[in-house]
Amino acid sequence: MKKIPFTQLIFTILIVTVASCSKADIEELGNNLCPGCSSIYIININSIGFSPDSVVVKSGTLVSWINFDTVAHSVKSLDNTSFDSADSTLGSFSYDAETPGTFHYNCTIHHEKGVLVVKP
């Protein structure tokens, strides 16, 4: 019998739980995960794409990309300095959007693109 690492099991439970939550439940979860953040915004990764692919948030928002695809993805700002999920992820990646600006990003594996606009 194949053993599943404990962290993978916990993450799978979290993803299933989040996928079945309402938007209000997800926002409450985000506020609990990041108490200093003004809000949380979830971007889905599925079907080799970001959904939505263009997002406007207020400064202080925790932006989380959650991979619902069956393949790995990455999230990297095109300025190469703002955010980078580093290696590919089968799970999630979060960025505390503090600095106002427009941030174009992509998946370095499949080249899907997105835009994050952070307002003051």
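Between T81 and K58, what FRET efficiency comes out of the Förster formula 1/(1 + (r/R0)^6) with R0 = 22 Å and r the beta carbon distance, rounded to 0.05? List each step's numbers first, then the result.
Details: r = 21 Å, r/R0 = 0.97.
Between K58 and T81 the formula returns 0.55.
So the label point goes 7 Å from the Cα of T102 along Cα→C-beta, right? Which residues of region 51-86 then have their backbone N under 15 Å from it?
54-57, 78-79
Highest first, please rank the peptides 59-70, 92-103 by the mean number of other Cβ atoms sitting within 10 Å of their residues. Could you put the intermediate results ahead of the total?
Numbers: 59-70: 18.2, 92-103: 16.2.
Peptide ranking by packing, descending: 59-70, 92-103.
Where a number appears in this text, it was derived from the coordinates with a stated rule and is not lab data. Predicted model, so just to flag it, every value in this text is computed and none were measured. Note that each Cβ is placed from the backbone with ideal geometry, even for glycine, and that neighbours are counted across all protein chains shown.
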